[in-house]
Every structure is written in structure tokens, then in C-alpha cells.
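One structure is given below, encoded as C-alpha cells.
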Amino acid sequence: MGSAELLGYLEDCRVLALQEIQRIIPAEQREASPLYALMLDYPLREAKGLRPALCIASCRALGGKLDAVVRSAAVLELFHNAFLIHDDIEDGSLMRRGGPTLHRTHGLPIAVNVGDAMLALALQPLLDNVAVLGLGPALRILQAVARMTRESVEGQALELEWIRHGVLDVTDDDYVRMVEQKTAWYSFITPVTVGAITARAPQEHIDALAAFARSLGIAFQIQDDVLNLRGQESDYGKEIAGDLWEGKRTLMLLHMLRGASETERQEVARILRLPRPDEPGDASAEGPGAALAVMLSRLVEEGAVTPHGEARLREALRAHDARGPVKTEADVRLLLSLIERQGSLEHAQGVARQWAEDAERRLAACREWLPDSVHRRLLDSLVAYVLARIR
């Protein structure tokens with residue numbers, strides 16, 4: 001399967017999932033309430049459709065029917081977009097799929113509620129599987145999605161704790177365990193597992209596909225981290241260097257820290273502790289009270305505030321500005337230069353290549369019982385796609 005055919009398959013599966021999501025969120029509800037209309041904001045933005053494609057391909061490759069799996073594929077895409085809304089809030093992200101994040105355009109309370117509503121709406125279609133697949137397979141799919149949700153939030157919690165407590169002694173193995181939970185379970189392992197369950201595959205085949213998906217998911221996430229530093233925003237769809245602004249412990253950062261001098265480590269630790277600015281144009285500000293301080297200076301110049309009043313107001317501003325300094329462009333440039341100097345991007349790509357090659361070997365072993373078809377060739381092409389991006 002060539003790259004054009006691969007992208008076409010992904011898009012076809014994304015459209016199928018989106019059509020099913022639009023049935024889950026009926027038009028009359030979208031017209032009556034902004035809540036339901038906003039649920040389609042992220043799904044309608046340009047995306048790869050990776051999760052529904054993996055789910056559909058694994059099911060069809062094992063002889064399952066499209067109408068039996070498309071509902072579950074749509075649920076996984078609904079979960080994915082709900083997770084993205086919440087992740088963007090937790091990370092303070094500015095961009096998602098080429099546009100501003102939902103919380104930036106509609107505020108935190110609305111974005112949180114939209115994400116929660118999407119997760120709630122995903123439950124009924126899973127219960128509807130009982131009528132289509134029977135009680136046993138439907139319950140196994142529900143169990144797989146429950147496991148996926150738990151793994152994902154545990155992985156997210158681990159990453160947030162590293163950032164919150166300024167943890168620097170994170171090993172590559174620690175990172176791999178974190179991304180396996182946070183990314184691989186809901187983006188790779190669960191989609192192929194749900195597809196295989198729908199096709200009524202034997203457990204040993206489900207386990208083999210899940211092991212393949214785990215390795216591919218880890219490789220994919222590492223390369224995604226690399227693209228966060230090297231990619232173009234128009235292609236990447238998210239903020240370039242956003243991981244550094246957010247203080248994430250990526251393989252590149254961890255490798256750089258292991259090779260840095262003690263002085264450099266202390267400076268990196270200082271930068272990582274700093275919050276990011278509230279807005280993209282705020283990177284030179286000293287804190288959230290900076291704009292008010294500028295306004296106060298203008299009032300003083302205009303004679304609207306007495307010297308005594310100015311002193312009292314500035315003291316109040318300092319007390320109010322609890323966040324203190326924030327990250328600056330210079331801070332992020334320093335982190336980037338240290339990462340480049342230590343060869344940390346090349347290290348991360350090497351690790352990603354190892355995991356992608358492991359996925360390739362595991363999928364090759366599955367070919368003994370996975371018949372050749374366009375759906376199996378999608379799985380082959382995804383491995384080739386990840387390896388090509390790494391090389």
C-alpha cells in the first residue's frame with residue numbers, strides 16, 4: 001500500500017467514524033444546544049483518523065464486518081477527542097489541529113464540560129453493541145475500553161506529577177512506561193483489540209496484535225515528540241516546542257539532562273519550574289500582573305495617580321502576582337540548544353527506530369494467520385510510515 005493509498009484508507013475510516021459520531025450526536029441536539037455543537041469542533045478539524053482505521057482494519061483483516069465494528073471505531077474517536085480537550089487544558093496548549101484549542105476560544109469551564117459530555121455520550125453506543133454482537137463480545141469491548149480509560153488517565157497523572165514536583169531523574173524506561181499508558185493504550189492497543197474482539201478472533205491472536213500495537217504506539221509517540229521540536233506547525237498541527245513550554249519529560253530532555261553539566265542541570269531545572277505565559281504574546285512578561293503594571297505606569301505619566309498611590313498600588317500588584325516569573329523565548333531557545341548539542345534528538349530517533357522495528361517483527365509473525373488483504377496491508381503500511389518518518 002503506497003502513501004496515497006494509506007492516507008486514503010485513513011481518511012475513509014475517519015469519515016465513517018465521523019458519520020457515526022454525528023448519529024450519536026443528533027442534528028436536533030446540535031441545533032438546540034451549544035454543548036452538542038461544540039462536541040464536533042475537534043472531530044471536524046483535519047486529522048489522520050488513526051484510531052478508527054486501526055480498529056476497522058484489524059476487524060476486517062480478521063474477517064469481521066464493517067457494520068459490526070464502525071460503532072466501536074466511532075466511540076474510540078469520540079474518546080480520543082474528549083481526551084484531547086482535557087489534555088490541552090492540563091498542558092496549557094495553544095494549538096490543536098491547526099487551530100486554537102477549545103479552552104482558548106470558549107473558556108475553561110465550557111471546554112471541560114464539552115469533554116465530559118463526549119465521554120458520557122460514548123457509553124450508550126458500547127451498550128448498543130449487545131444487539132449487534134451479542135452480550136459476550138459487547139462486554140469484552142466494554143471491558144477493553146474501561147481498561148484503556150484507566151491506563152490513559154494513570155499515564156497522564158504520572159506525567160503531570162513529574163512536572164508538578166520538578167522530577168528530573170526520569171529514565172528512558174520510566175518514559176516508555178508512561179507513554180505506553182498515556183498514548184499506546186488508547187491510540188493503538190485498544191483499537192486493534194476492539195477490532196479483533198468484534199471479528200471474534202481467538203485470544204492468542206488478540207494478544208499478538210496488542211503486542212504489535214504496543215511497540216508501534218511507543219515508536220509513534222517518541223517520533224511525535226521529535227516532531228514537536230523539528231516539525232513545521234502547518235504540518236504538525238500543534239504548537240512547535242510546546243513540550244518545552246509545558247515542561248514535559250521527553251526522551252530528548254532526559255537524554256540532554258544526563259549529559260549536561262551541573263550548572264546546566266540547575267538552569268534547566270529552573271526553567272522547567274517556570275509556568276508558561278498565559279497567552280502566546282506574553283513570553284517576555286514577568287507574570288500575570290505585567291499588563292496591569294504597564295497600565296499603572298501610563299496612569300502615573302498622565303498624572304492620574306499620585307506617587308503615594310502608585311507605591312501602594314505596585315505593592316498590591318506584587319502581592320497579587322503569585323505566579324512570579326514565567327518562561328521566556330530565551331529560556332526555550334536555551335533548552336533547544338542544549339538538546340541539539342547533546343545529540344538528544346538523534347538518541348530519541350534511535351529508540352523510536354528500535355520500537356518500530358520490534359513492531360515490524362511482531363506483525364510479521366502475525367502474517368502466519370492474518371490473511372493478505374487491503375486491511376492487513378494498512379497495518380504493514382503504518383509500520384513503514386513510522387519507520388520512514390524516523391529515518
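Pick from Ala68, Ala61, Ala4: which is over 22 Å from the mean Cα position of the chain (by Cα), open to solvent by 50 Å² or more (accessible area, probe 1.4 Å) and either of a type in the set (A, V, I, L, M) or closer than 24 Å to Arg147 by Cα (or both)? One residue alone meets the criteria, Ala4. Looking only at region 250-292, which residues are open to solvent by 50 Å² or more (accessible area, probe 1.4 Å), modelled with pLDDT under 55 and in a loop (DSSP other than H, G, I, E, B)? Scanning region 250-292 gives Glu279, Ser284, Glu286, Pro288. With the condition kept exactly as written, say whether any residue in region 88-97 is open to solvent by 10 Å² or more (accessible area, probe 1.4 Å), of a type in the set (S, T, N, Q) and closer than 25 Å to Arg249 by Cβ. Yes; the residues of region 88-97 include at least one that is open to solvent by 10 Å² or more (accessible area, probe 1.4 Å), of a type in the set (S, T, N, Q) and closer than 25 Å to Arg249 by Cβ. On the given criteria, is Ser234 in a loop (DSSP other than H, G, I, E, B) and either modelled with pLDDT under 95 or touching a strand residue (DSSP E or B) at 6+ places or on another chain (Cβ under 8 Å) (or both)? No. Counted as qualifying within region 30-98 are the helices (runs of 4 or more DSSP H) with 3 or more residues that are among the acidic types (Asp, Glu), namely 66-91. Contact annotation: residue pairs with Cβ atoms under 6 Å, 6 or more positions apart or on different chains, pairing a residue in region 333-360 that is under 15 Å from Leu227 (Cβ atoms) with a partner that is open to solvent by 10 Å² or more (accessible area, probe 1.4 Å) and part of a helix (DSSP H, G or I), are Ser344/His255.
Does region 2-15 include one or more residues that are of a type in the set (A, V, I, L, M), part of a helix (DSSP H, G or I) and in contact with a helix residue (DSSP H, G or I) (Cβ under 6 Å, 6 or more places away or on another chain)? For region 2-15, residues of a type in the set (A, V, I, L, M), part of a helix (DSSP H, G or I) and in contact with a helix residue (DSSP H, G or I) (Cβ under 6 Å, 6 or more places away or on another chain): present. Considering (1) under 22 Å from the mean Cα position of the chain (by Cα); (2) buried (at least 19 other Cβ atoms within 10 Å of the Cβ); (3) touching a residue at least 40 places away in the same chain (Cβ under 8 Å), the lone condition that Arg45 does not fulfil carries the number (2). Somewhere in region 219-229, is a residue surrounded by fewer than 21 Cβ atoms within 10 Å (Cβ to Cβ), outside any helix (DSSP H, G or I) and either at pLDDT 95 or above or not small (Gly, Ala, Ser) (or both)? Checking region 219-229: not a single residue is surrounded by fewer than 21 Cβ atoms within 10 Å (Cβ to Cβ), outside any helix (DSSP H, G or I) and either at pLDDT 95 or above or not small (Gly, Ala, Ser) (or both).
The set of residues from region 334-348 being open to solvent by 30 Å² or more (accessible area, probe 1.4 Å) and among the polar types (S, T, N, Q) comprises Ser337, Gln342. Look at region 375-391: where a residue is closer than 17 Å to Cys13 by Cα and a partner is open to solvent by less than 10 Å² (accessible area, probe 1.4 Å) and not in a helix (DSSP H, G or I), sitting 6+ places away or on another chain with Cβ atoms under 7 Å, you get Arg376/Leu370. Among the helices (runs of 4 or more DSSP H) confined to region 108-189, the ones with at least 2 residues that are open to solvent by 40 Å² or more (accessible area, probe 1.4 Å) and farther than 20 Å from Ile85 by Cβ are located at 123-133, 135-164, 172-179. One residue alone among Pro325, Pro307, Pro371 is at pLDDT 85 or above and either open to solvent by 30 Å² or more (accessible area, probe 1.4 Å) or within 30 Å of the chain's Cα centre (by Cα) (or both), and that residue is Pro371. Here Asp243 does not fit the description of being out of contact with any Cys (no Cβ under 6 Å at 6 or more places or on another chain), on the phi < 0 side of the Ramachandran plot and surrounded by fewer than 15 Cβ atoms within 10 Å (Cβ to Cβ). For region 355-367, filtered to residues that are over 13 Å from Ala384 (Cα atoms) and in a helix (DSSP H, G or I), the residue that is least open to solvent (accessible area, probe 1.4 Å) is Cys366.
The values are calculated or read from the model by the stated rules, or taken from the named source; none is laboratory data. Here the structure is a predicted model, which is why all the values come from computation and not from measurement. Cβ: placed from backbone, ideal geometry, glycine included. Neighbour counts: every protein chain shown. Protein only, heavy atoms only, side chains kept; ligands, DNA and RNA dropped before computing areas. Shrake-Rupley method; radii C 1.70, N 1.55, O 1.52, S 1.80 Å.
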